[in-house]
């Protein structure tokens, strides 16, 4: 994408929107598009007070283990050394990454609920109509 580092995050929604339109037009049937945007996660972590880029990457590495090791493992790891994240912060992380939405409107509502993250992860959630 041209200007990928300078565009609003809303532009990232164009690719899944195209995929959705094509799959729907082809009549593929029920499908799910999953997104993982590290820029959104970094913004969320900043809001929680995890501002160091290296620490964010370490937290992300642990979050990536959810599918293989489970929430209890990730919770225990983030609560212990070297992370020492508060119980509230860990619970927020686990709840945030478990958030699912159906469509742009619900995604935008979820993102607003989470406070929109930091300035790095501002999401233009304006929707016409």
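The values are calculated or read from the model by the stated rules, or taken from the named source; none is laboratory data. The structure presented is a predicted model; accordingly, all values stated were derived computationally and were not measured. Here the Cβ is made from the backbone with ideal geometry for all residues, glycine too, and neighbour counts use every protein chain on show.
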Practice problem: Output the residues belonging to the range 17-48 that are surrounded by 11 or more Cβ atoms within 10 Å (Cβ to Cβ) and either farther than 19 Å from residue 98 by Cα or over 18 Å from the mean Cα position of the chain (by Cα) (or both). | Solution: 17, 19, 20, 23, 24
Quiz item: Which residues, counting only those in the range 101-126, are surrounded by 10 or more Cβ atoms within 10 Å (Cβ to Cβ), modelled with pLDDT under 60 and assigned to a loop (DSSP other than H, G, I, E, B)?
Solution: 116, 117, 118, 122, 123, 124, 125
Quiz item: Scanning for something at pLDDT below 85 and over 13 Å from the mean Cα position of the chain (by Cα), does the range 87-97 turn up at least one residue?
Solution: no
Quiz item: Restricting the search to the range 16-37, which residues are modelled with pLDDT of 90 or more and assigned to a helix (DSSP H, G or I)?
Solution: 21, 22, 23, 24, 25, 26
Quiz item: For residue 13, are the conditions met, namely being modelled with pLDDT under 85 and either on the phi < 0 side of the Ramachandran plot or touching a strand residue (DSSP E or B) at 6+ places or on another chain (Cβ under 6 Å) (or both)?
Solution: yes
